[in-house]
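Step one of this worksheet: look at the structure below.
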Amino acid sequence: MSNVPSNEQIQTAVDNAYAYAKTVQGGKNASYIPALAQVPSDLLAIAVVTVNGDILTAGSADTPFAIESISKAFNLAYVMDLIGMKELRTKIGADPTGEPFNSVMAIELHGGKPLNPLVNAGAMATVSLVNGSDSDEIWANMIHNFNNFANTALTVNQEIYKSESATNQHNRGIAWLLDSYGYFYNTPPMIVDLYTRMCSLNITTSQLALMGACYANGGVNPVSKKRVVKDENVSPILAEMCMSGLYDSTGDWMYKAGVPAKSGVGGGLVAVVRAKDADDAMRIAEACIEGGCAGIELTYTTPGVNAIIEKMAREYDGTDFVIGAGTVMDPETARMAILSGAQYVVSPYFNGDTVRLCNRYRVACMPGAMSIAEVV
Ligand code: GLU
């Protein structure tokens, strides 16, 4: 039985969350970028895009707003694909700063290193790593990447861009400071301009949800079916979001929500819930095999795992590859696993009936027992 919620269940959750969020007062628009202060603060929308590409919304999900810092989590994909996660960690870093999003002190405290690509310093340094011989070419690469994630041609909100360009002295200072320490990889004024343009991109809540769904779907856009980021880079990007997606409030967010997310001062927030279904498990299993694993244990915590065991057992029949079943809680499940093709059974505790059943089928059973007394 699958524990992935149905679209109806998701829609109900979205509607409930929307009704609740409507009642929440407090908070205020960011005003250090003057044009953001003018955005109607009662605008509200929630959108969920599933890995099947279904979209469920509530509120004004098609109203555009400035993407701001959420863009950092997607430009990062482009640069990580370009230079690899190892080099990105060396050139930018992968640790929370523990300081506000535009902290200069964080840079000073860490020998001039931006520390992570989701604070302003690291995000601008990330933009400075985008390839291209001039500003136009760099922008063309950046916008192409964003359009692939959103599956549409995004445009710059000129009013926000102008307003932010006129007031971004602090970011300009950060860029020069990084440059002075050798942690900036292109000309500061040009890069700050491109970064500001990227932050001024208009996005709707529905489009943003699709962008996030690309990560949930292992780097493939669930609507266009195009790969937008290498599979191997999805986890490190989500790890960055877990560490610094909401800057120095990320810990609070993770306590409450527990999923990687990225905020923006334009009022948006994107969160990623990775797929946990049969397809996902199949992909992971195949990656393990490709990576040289001699066997795999598929656990009953995965929805639809029986079908996967069956499919893999068929596929690897007659080979040395060993397929086992894990988190087998009772003899009924053990029987199901064995009939599906499991060659060994693992259970988290000792159950005599499970062991006897496995014995009957001549299948190895490995129960988790803390002491001999539990077994005899
Ligand atoms: N463009 C904004 C800045 O650089 C982004 C900040 C944010 O959204 O958190 O200040």
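The values are calculated or read from the model by the stated rules, or taken from the named source; none is laboratory data. Note that the structure is a prediction, hence the values are computed from the model and not measured. Glycine gets a Cβ as well: all are built from the backbone with ideal geometry, and neighbour counts include every protein chain shown.
Among helices (runs of 4 or more DSSP H) lying entirely in the range 163-232, which contain 1 or more residues that are within 16 Å of the ligand (Cβ to nearest atom), within 20 Å of the chain's Cα centre (by Cα) and over 24 Å from L56 (Cβ atoms)?
On the way: elements: 169-181, 188-199, 205-216.
Here the list reads 188-199.
Taking the criterion of being more than 13 Å from the chain's Cα centre (by Cα), without any contact (Cβ under 8 Å) to a residue 40 or more places away in the chain and closer than 28 Å to E159 by Cα, the only residue of the range 233-275 that qualifies is L246.
Only one entry in G245, G251, G267 is more than 16 Å from the ligand (Cβ to nearest atom) and modelled with pLDDT of 90 or more, namely G251. Sub-7 Å Cβ pairs linking a first residue in the range 56-83 that is without any contact (Cβ under 8 Å) to a residue 60 or more places away in the chain to a second residue that is within 16 Å of the ligand (Cβ to nearest atom) and among the hydroxyl-bearing types (S, T, Y), at least 6 apart or interchain, are V79/T126, ordered by first then second residue.
Taking the range 1-30 as the search range and keeping residues that are farther than 19 Å from L210 by Cβ and among the aliphatic types (A, V, I, L, M), which one is surrounded by the fewest Cβ atoms within 10 Å (Cβ to Cβ)? For the range 1-30, the residue satisfying everything is M1.
Looking at the range 31-112, the helices (runs of 4 or more DSSP H) lying wholly inside it that each contain 1 or more residues that are within 13 Å of the ligand (Cβ to nearest atom), surrounded by 14 or more Cβ atoms within 10 Å (Cβ to Cβ) and over 18 Å from the mean Cα position of the chain (by Cα) sit at 34-37.
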